[in-house]
Amino acid sequence: MTMVLNEEQRFLKETVNGLLQKHQPVTSLRTLRNSDDELGYDPGFWQQLVDMDIPSIVMPASYGGLGFGYSGLGAVMEEMGRTLAVSPLFSTVVLGGSALELAGGTPHRDLLPEIAAGKLTLALAIDEGHHHQPRATATTLTVANEGLILDGNKVFVLDGHSADKLLVVARSAGKPGDEYGLSLVLLPRETAGVNVQRTSLMDGRNAAIVKFNRVELGPEALVGTLHEGWSILLQVIDRGAICIAAEMLGGSLEVFERTMAYIKEREQFGVRIGSFQALQHRSAEMYCQLEQCRTVVLKALSSLDEGCRDISLHASMAKALVNQCYAHISNEAVQMHGGMGLTDELDIGLYLKRARVSMQILGDTSYHQDRYAQLMGY
Amino acid sequence: MTSLDNFRLEVRQWLETNCPESQRQPIIKEEQIWGGRRRIFPSPDARLWFERMRDKGWTAPDWPTEYGGGGLSAAEAKVLEQEMQALGCRPPLYEIGLWMFGPALLEYGSEQQKLEHIPKIVRGEIRWSQGYSEPSAGSDLASLITRAEDMGDHFLVNGSKMWTTQADKADWIFCLVRTDPKVPKQEGISFLLIDMASEGVSTAPIELISGESEFCQTFFEDVRVPKENLVGELNAGWSIAKRLLKHERKLMSIMEMMVEKEDETVVELAKRYVGVDGTGQLRDNALRTQLTRHLMNSQAIEWTSYRLFEQHGQVIKDAGLPLIMKHISTTELQRKDELILAIMGNRGLSLKDAEYSHKEQRLVKNWAYNKAQTIAGGTSEIQLNIIAKRALDLPGH
């Protein structure tokens, strides 16, 4: 268990930081937002990530993986969180790629090189209600004749409006609440009976509501084993929760550093406001919280790399603690910036909004607190 | 296999052979081994364990051998600590001289002072107390007024010190004293060692809210102290004091690890007092969430202290990281105590009634006692000031 990045991982982090400063600063997000960009991300930037082989970082070496591991990928996510960069990396690689890799089998695993080459994007359609509750999945998958029929509605499908293919969690057996009976299917977004409604979220990223109206699929659409999708899904959720926590950590660090810079400079009553103890103590508390979150994220990433059996516990800790941290720090950032914190001109509000959206991705704080308690047996 | 792995194996074998079974049980306060001229061993096993560790110098594993220490490297000392933890070995000696005074004397003391005092600490022969705070000097320690007048061949000390740890049982006390009242307050303080047996020294225990009285007020009335008991230069005591406070903060986290290991986890305690439903879930949902928050936080703190350790000797360091440990660990410890009280409900309200079990009373006592954690060794507010200044570089007033 190590929580210190090695030299290669540090170099990767610095390189990505340089790329983001140059090609994907916060103004890029503003441009996408203000133009209501149809794709929701800058394909040129995605190509740059592909050119740097970022998508294959966590793929098994036989698929061109680089061996930086999740600690390396987490470092990339953290840097992207700093500039609020938008890309298919999370949905396509961390969620979709993981599921295909874990499911194995030729038709799907063969797609990994296409992902690595930037030729294929994916979206995971998992949530159905107002909150993340994967066991409650009610969308049905029925085996009929030689094929499958998919029927139901999905919400908050990240990148669902633009991804080439959708990876859908559906129930083929059992009842909502059961782990058994969940299955995964992969289908092109543009399949007959699939209705995609883009939803533009307040953080400038895009998601979609996707409706499947008795969509007919061939048997090859099935990813993994029928009824046994949970074992894959669980790992996908853990990886996703940890990586999104890494991104959120980056955002928290950035908005905190910007706030510290501001209170060191802003003067009222003839002094710099950062000299007030009321602000100093709150700032110091935030620093304590951030360092603990950094620890937990580094630890969770290294657990993924080491295949630790407590991954789910670590994932829930990371997501729950970082959720609370980002919420708190983005609130304090607005407050400490005073009136300026309320303006759209300053970037602070963008972090505030990103925090809220990210907090809902793959489980809010209560979800992960409850999951942790269940895993701990109380 | 690296030499450190070899060392680990040796240590493990040695501990297994030499640590008596009874000394591998969770420590309780009454069985702690304290040093000093008037030391009493709680049991023959405790004495054996202490003497074996003492003879290897492992009461102070990483101190130099020329002063009686174990001479281990930092990495080896960590291995020893880990192996002791793995086997559940009790600390062989509880001593302020080990945790705070010794490290500072090794750094600032004269050769003669080190030879005189350090081996006696390692061997548990002398028990030390600390004389820092005063009735009118708490967080603003530098405003202390206990004075030591230069009388030519000796100092004459007058004043009183608060929160002198177990001074009624200590043999010696290290004190901060005012040696120059005319200069700015930090520049007129010296670091002086005083034999508690000197004429004019007296102590009065301070009873605490926990019902214990581990601390004393210590009075000095025309106490003659030999000149050679001055550590460092005259009027240069403040820098030693600051260094020592750092050790004290470290001590606070050591102390936290050394609190009596409970036979039940908080989770088990909660299940017993609050009850569970048919699915094994705690009956009180709000308490369940509070418990989760505590477990996550304390795990995060434990990992953070490991992360800090991992950074020893690394190029990349988070310079601010060591500054947060005292604050975050003591704050969480208090949250844990509050949680335990909430879990016990009306069973967690008595410090002495025989209706309540020894354990229930002990948990209440811990709750009250641990209120000191965020005050002693630099209050949380002072810690936050330090973080703001040194880690965040926020402007002064």
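The values are calculated or read from the model by the stated rules, or taken from the named source; none is laboratory data. All values reported here derive from a predicted model rather than from experimental measurement. Reconstructed Cβ throughout: ideal geometry from the backbone, glycine too, with neighbour counts over all protein chains shown. Areas reflect the complete protein model, heavy atoms only, side chains present, ligands, DNA and RNA absent. Shrake-Rupley method; radii C 1.70, N 1.55, O 1.52, S 1.80 Å.
Of all residues in region B:375-397, exactly one satisfies the criterion of being outside any helix (DSSP H, G or I), within 15 Å of B:ILE328 (Cβ to Cβ) and touching a Gly at 6+ places or on another chain (Cβ under 9 Å), namely B:THR379. Annotation: B:SER380 fulfils all but one of (1) within 17 Å of B:LYS242 (Cα to Cα); (2) at pLDDT below 95; (3) small (Gly, Ala, Ser); the unmet one is (2).
No other residue among B:SER139, B:SER133 is touching a Lys or Arg at 6+ places or on another chain (Cβ under 8 Å) and among the hydroxyl-bearing types (Ser, Thr, Tyr) apart from B:SER133. Taking region B:291-314 as the range and being aliphatic (A, V, I, L, M) and open to solvent by 40 Å² or more (accessible area, probe 1.4 Å) as the test, only B:LEU308 passes. When B:ALA142, B:ALA148, B:ALA104, B:ALA86 are checked against the criterion of being part of a helix (DSSP H, G or I) and assigned by TED's automatic domain parsing to the domain that holds B:ASP222, B:ALA142 stands alone in meeting it. Scanning region A:1-59 for residues that are of a type outside the set (A, V, I, L, M), more than 14 Å from chain B (Cβ to nearest Cβ) and farther than 23 Å from A:HIS161 by Cα returns A:THR15, A:ASN17, A:GLY18, A:GLN21, A:LYS22, A:HIS23, A:PRO25, A:ASP51, A:ASP53, A:SER56. Any residue at all in region A:139-155 that is over 21 Å from A:HIS227 (Cα atoms) and crowded, with 18+ Cβ neighbours inside 10 Å? Yes, that holds for at least one residue.
Inspect region A:4-19 for any residue being over 28 Å from B:LYS317 (Cβ atoms) and not assigned by TED's automatic domain parsing to the domain that holds A:ALA208 and give the result as yes or no. No, region A:4-19 contains no residue that is over 28 Å from B:LYS317 (Cβ atoms) and not assigned by TED's automatic domain parsing to the domain that holds A:ALA208.
Looking for something on the phi > 0 side of the Ramachandran plot and touching a residue at least 60 places away in the same chain (Cβ under 8 Å) - is there at least one such residue anywhere in region B:52-74?
Filtering region B:52-74 down to residues on the phi > 0 side of the Ramachandran plot leaves B:57, B:68, B:71.
Now restrict to residues that are touching a residue at least 60 places away in the same chain (Cβ under 8 Å): B:57.
Scanning region B:52-74 turns up at least one residue that is on the phi > 0 side of the Ramachandran plot and touching a residue at least 60 places away in the same chain (Cβ under 8 Å).
The condition (being in the same structural domain as A:GLY338 (by TED's automatic domain parsing) and open to solvent by 10 Å² or more (accessible area, probe 1.4 Å)) is satisfied by just one residue among A:ALA278, A:ALA284: A:ALA278. Scanning region A:1-34 for residues that are open to solvent by less than 50 Å² (accessible area, probe 1.4 Å), in a helix (DSSP H, G or I) and β-branched (Val, Ile, Thr) yields a total of 2.
For region B:269-290, taking the residues that are facing another protein chain (nearest Cβ under 7 Å) and either part of a helix (DSSP H, G or I) or in contact with a helix residue (DSSP H, G or I) (Cβ under 6 Å, 6 or more places away or on another chain) (or both), the one that is surrounded by the fewest Cβ atoms within 10 Å (Cβ to Cβ) is identified as B:THR289. Scanning region B:378-397 for residues that are open to solvent by less than 20 Å² (accessible area, probe 1.4 Å), over 22 Å from the mean Cα position of the chain (by Cα) and of a type outside the set (A, V, I, L, M, F, W, C) turns up just one, B:PRO395. When A:LEU290, A:LEU352 are screened for being in a helix (DSSP H, G or I), over 23 Å from A:MET202 (Cα atoms) and at pLDDT 95 or above, only A:LEU290 passes.
Pick out the one residue from A:ASP42, A:ASP51 that is in the same structural domain as A:VAL86 (by TED's automatic domain parsing) and in contact (Cβ under 8 Å) with a residue 24 or more places away in the chain.
Every option except A:ASP42 fails the conditions.
On the basis of being acidic (Asp, Glu), open to solvent by 60 Å² or more (accessible area, probe 1.4 Å) and not in a loop (DSSP other than H, G, I, E, B), does B:GLU51 make the cut? Answer is no for this residue. Scanning region B:342-397 for residues that are of a type in the set (S, T, N, Q) and away from every other protein chain (no Cβ under 14 Å) returns B:ASN346, B:SER350, B:SER357, B:GLN361, B:ASN366, B:ASN370, B:GLN373. Annotation note: Cβ proximity below 7 Å between a residue of region B:227-243 that is under 11 Å from B:LEU176 (Cβ atoms) and a residue that is outside any loop (DSSP other than H, G, I, E, B) and among the polar types (S, T, N, Q) (sequence gap 6+ or interchain) occurs for B:VAL231/B:GLN113; B:GLY237/B:SER190; B:TRP238/B:GLN186. For region B:4-37, the set of residues classified as farther than 17 Å from B:PRO61 by Cα, at pLDDT 90 or above, open to solvent by 70 Å² or more (accessible area, probe 1.4 Å) and of a type in the set (D, E, K, R) consists of B:GLU16, B:GLU21, B:ARG37, listed by residue number. Applying the set (1) closer than 30 Å to A:MET77 by Cβ; (2) more than 9 Å from every other protein chain (Cβ to nearest Cβ); (3) open to solvent by 10 Å² or more (accessible area, probe 1.4 Å) to A:SER252 leaves exactly one unmet item: (3). If you check A:MET340, A:MET359, A:MET336 for being among the aliphatic types (A, V, I, L, M) and within 14 Å of another protein chain (Cβ to nearest Cβ), only one passes: A:MET336.
Does A:HIS314 satisfy the criteria of being open to solvent by 20 Å² or more (accessible area, probe 1.4 Å) and in a helix (DSSP H, G or I)? Criteria not met by A:HIS314. Scanning region B:313-335 for residues that are farther than 24 Å from A:ARG282 by Cβ and at the interface with chain A (Cβ under 10 Å from one of its Cβ atoms) turns up B:GLN314, B:VAL315, B:ILE316, B:LYS317.
Within region A:274-287, restricting attention to residues that are part of a helix (DSSP H, G or I), free of Cβ contacts under 8 Å to residues at least 12 places away in the same chain and facing chain B (nearest Cβ under 10 Å), the residue that is farthest from A:CYS325 (Cα to Cα) is A:SER275. Evaluating A:ASP370 against the criteria (1) acidic (Asp, Glu); (2) within 21 Å of B:LEU394 (Cα to Cα); (3) facing another protein chain (nearest Cβ under 10 Å) leaves one unmet condition, (2).
The one condition from (1) buried (at least 19 other Cβ atoms within 10 Å of the Cβ); (2) over 20 Å from A:TRP230 (Cα atoms); (3) over 19 Å from the mean Cα position of the chain (by Cα) that A:LEU321 does not meet is (3). Residue-level analysis places A:LEU321 outside the set of residues that are more than 8 Å from chain B (Cβ to nearest Cβ) and among the hydrophobic types (A, V, I, L, M, F, W, C). Among the residues of region A:182-196, is there at least one that is under 16 Å from A:ASP127 (Cβ atoms), touching a Leu at 6+ places or on another chain (Cβ under 8 Å) and open to solvent by 10 Å² or more (accessible area, probe 1.4 Å)? No; the residues of region A:182-196 include none that is under 16 Å from A:ASP127 (Cβ atoms), touching a Leu at 6+ places or on another chain (Cβ under 8 Å) and open to solvent by 10 Å² or more (accessible area, probe 1.4 Å). For region A:295-309, which positions are more than 8 Å from chain B (Cβ to nearest Cβ) and either under 17 Å from B:ARG307 (Cβ atoms) or surrounded by 18 or more Cβ atoms within 10 Å (Cβ to Cβ) (or both)? Correct list: A:VAL297, A:ALA300, A:LEU301, A:SER302, A:SER303, A:LEU304, A:ASP305, A:GLU306, A:CYS308.
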